[in-house]
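Quick notes on the structure that follows.
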Amino acid sequence: MANTLFKIDVNKPMQEQEVPGHNRWHPDIPAAASTDPGTDFRMECLDWTNRQVRNDDSADDIRDVDLTPCHVLSGPIHVNGAEPGDLLVVDILDIGPPTGPGEQWGYTGIFSRQNGGGFLTDYYPDAHKAIWDLRGLYASSRHIPDVQFVGIKHPGLIGCAPSHDLLAEWNRREQALIDTNPDRVPPLALPPLADNALLGTLTGQEFDRAAGEAARTIPPREHGGNCDIKNLTVGSRVYFPVYVEGAKLSLGDLHFSQGDGEITFCGAIEMAGYIDLGVELIKGGMAKYGMDRPQHMPIFELSNLEPRYSSNLVFEGIGVAEDGTQRYLDLTQAYRQACLNCISYLKQHGYTDEQAYLILGAAPVEGRVSGVVDIPNACVSIYLPTDIFKRPIHPQGVPARTRSEARTPHAPGEPQIQETQVHWGGTQA
C-alpha cells in the first residue's frame, strides 16, 4: 500500500485532525506534507461537509448544512522541485470508501433553495436525501428502490494552489458578478468569508490576512478545483498548471458515483475515503503545451476503467425557457429541459419527482452537447443507462425490429442491398 501522507480519523471533524487540512484556496496555506516526483502516496479524506450528514432517514441534515466550512480538503502536498510554469502530472491509482466497519456508505442530497439550491431549484426547492450502501463495485439505496449501478469513483475536487495574482483575479471577477444582483437567493457567487475558514496550520495575523482573501472552494477555476468530472477515475492522468513553489496539491469531495452535471448540487454519491496518487513533473510544461493562456484549465487522460451499459434511453433538451421564451444557443437551459424531460419519464415508472432527480445526480448518467450551430436552439442530450433498473423502464408495446429491416443508401435505379444479419454460427443474407 502507498505511504499515507495525509491521515484522517473519520470520527473527528477536519479542525480536530492531528494535521488539519483546509477549506479555502490561498497560496500561503502551509503544506501538510511533502514528496518527490516519481513517488506514490495515499491521502485520506472526510466527506465534503465535514461530517455534517448522517446515515439516517431524515433530510434535516441536508436542509441545515452549514456551507461556510465547505469543502474540507486534504493537503496541501508540497511536490519537491515544482515551480510556477511547470505541469504537475497526477496519476489516480486507487479510490475507495473508508475501510472501517460500517463506513461503506454515501449520500446524495437535494439542497433547499435557501441553502444553495441545485440545478432545478425552481422545481425542487426543498431538501431531500438518499443514503447509498456501497458494496464492492455497486451502489444501491433503501430510499430509491430497484436501482443498482457500478460506481465511477473520483475526486470531485482536486487542484493546486493559486498564486497571489490569480487569487486576486478570481476575487475581482466574482465580486463584479455579485454586484450585478447582490441580493439574489441563491447568490450569484460566494466571496471570501473568514467565518469558519480553516487554513491548515496557519495562525495569528497571517491567518487573519489570508482568511479575508482566500477563495471559497465551491466553483471550478483555472487550477482545477471543484470540477466534478465523473470520468476522472482510477487510471486517469491529470496535468495541473503549477502556480506556486511546490505546487501545493489538495483534494477532497470524494464521490462513489455521479451523473454528468451533479445537478442536485450535493448530487453525487458523496463519501469519505482514501485516494492513492502518483506524481511527476514536466518542467516548463505550461508554456510548452499552451497552458499559460488566460483561463486555461488542467487537462486529463481518460482511464480504461468505466462501466459500460448496453442500453440507454436518450432525452433531449433545447434552449427554450419553461415559459416558452426563446433563448439563443442556451446550453444551460437546454440541459434543464433534458433533465426535466427525463424526470417526467421516470415518474411514469413509479418514481417520485425527488427520486428521479436524485437518480440523475448520482447514477452514471451522461450529458452531451449535441448541437451548438443550429440557431437559435442549442441541443443537449442525457443518456440514461436502463441496465441500472431492476424494473421495466423501456416504453412497452412497440414491435421489435431486427437488423434485416435496415437498408443501405442507394442511388436511383440501382439495386438496394439488404443488410447482413448476424446469427450465432454464421451469417444469413
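Any read-out appearing in this document is the output of simple, stated calculations on the displayed coordinates, not a laboratory observation. The structure presented is a predicted model; accordingly, all values stated were derived computationally and were not measured. Cβ atoms come from the backbone with ideal geometry, glycine included; neighbour counts cover every protein chain shown.
Which whole-number percent gives the relative contact order of segment 77-205, counting Cα pairs below 8 Å spaced six or more residues apart? Numbers along the way, then the final one.
Values: 107 pairs, mean separation 20.4, N = 129.
That works out to 16 percent.
Taking amide H atoms as placed 1.01 Å from N in the peptide plane, the amide H of Asp253 lies under 5 Å from those of Trp48, each 5 or more residues away in sequence or on another chain. From the alpha carbon centroid of segment 181-208 to that of segment 211-225 is 10 Å.
Given the options Glu16, Glu44, Glu354, state which has the largest fluctuation in a GNM of the chain using a 10 Å cut-off (strictly under) for Cα springs. Taking springs between Cα atoms under 10 Å, the residue moving most is Glu16. With neighbour counts taken as other beta-carbon atoms within 10 Å, the residues Thr99, Thr233 rank, fewest first, as Thr99, Thr233. Can you tell me how segment 112-244 classifies by the Cα gyration tensor, rounded, prolate or oblate, using a/c under 1.5 as the rounded cut? Oblate, because a/c is 1.5 or more while a/b does not exceed b/c.
Here the relative contact order of segment 3-301, from alpha carbon pairs under 8 Å that lie six or more residues apart, stands at 33 percent. Compared with the dominant principal axis of the Cα atoms in the chain, helix 331-347 is inclined by about 60°.
Against the longest principal axis of the chain, how steep is helix 353-362, in degrees 0 to 90 to the nearest 10, with axes from Cα atoms? Between the helix axis and the principal axis of the chain, the angle is about 70 degrees. If you take the Cα centroid of segment 82-110 and the Cα centroid of segment 38-80, the two points sit 10 Å apart. Of the cross-linked pairs Lys7/Lys283; Lys129/Lys248; Lys230/Lys347; Lys129/Lys230, those separated by over 32 Å at the C-alpha level are Lys129/Lys248. Springs between Cα atoms under 10 Å define the GNM used for the chain, and in it the highest mean-square fluctuation of Glu213, Glu366, Glu169 occurs at Glu169.
With both residues required to sit in the chain, DSSP beta bridges show an antiparallel share near 95%. Of the residues Ile375, Ile144, Ile359, the one that moves most in a GNM of the chain with alpha-carbon contacts below 10 Å is Ile375. Roughly what angle does helix 164-179 make with the longest principal axis of the chain, taking Cα atoms, 0 to 90 degrees, to the nearest 10? Orientation of helix 164-179: about 60 degrees from the principal axis. The value of relative contact order for segment 235-360, using C-alpha pairs under 8 Å at least six residues apart, is 24 percent. Rounded to the nearest 20 debye, the dipole magnitude of the chain is 920 debye, with +1 charges on Lys and Arg beta carbons, -1 on Asp and Glu beta carbons, and the Cα centre as origin.
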